[in-house]
Amino acid sequence: MKELKVGALRLILFLLILANWPLDATEKPDLSHLKTWVGKYPTDEESKPPKNLFHRPEIQNSLKKLLGKTDYKHLTEELSVETPIQIIRNFLVVKVCYPHCCPCDNAMLVINLDDTAFHAGFYERTDKQKFNTRWFSSTGDHLELPKEVLDIFLQTHETK
């Protein structure tokens, strides 16, 4: 009798898990609502309640997975100077930089609203002659981004 109860409990547990399983595991979330951020800054401490694009679950979870702890913190906390969010050919573009040194330490987050791909580019000048550029992409390659988006990233770099 005890074995029957254990078996029934396992079956019920299995069915409960199966009921919550997504039917299409490749289904991408709809991020079109992020267009409401266009023209606004990624963080707005004055609104009630305060709003932060980087703290939205669909952004935060994807970025943490893509970047790891150190780069996530650099993008969302240390690079605290922000510009208004842009949209270019259905790509959401978020630019941030380091206070008092925007041309020497900056980053750009690009979200493809069509396929939900995340791209994050980091630029850092390490000394007068050296710099470091790094890109992270959830799918594809950052070089597949539209030229207008890549040009924005290049324009923020120090030229000296």
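Computed with every protein chain present, the accessible area of His119 is close to 10 Å² [probe 1.4 Å].
Only protein heavy atoms count here; on that basis, with a 1.4 Å probe, Phe122 has an accessible area of about 10 Å².
The fraction of accessible area contributed by carbon and sulfur in segment 32-141 is 50 percent, rounded to a whole number (1.4 Å probe; ligands and nucleic acids excluded).
Rounded to the nearest whole Å², what accessible area per residue is found for segment 18-160 with the 1.4 Å probe? Numbers along the way, then the final one.
Details: 8930 Å² over 143 residues.
Using a 1.4 Å probe on heavy atoms only, each residue of segment 18-160 averages 62 Å².
The values are calculated or read from the model by the stated rules, or taken from the named source; none is laboratory data. Keep in mind it's a predicted model, so treat the numbers as computed, not measured. Accessible surface is based on the protein model in full, side chains and every heavy atom, while ligands, DNA and RNA are left aside. Shrake-Rupley method; radii C 1.70, N 1.55, O 1.52, S 1.80 Å.
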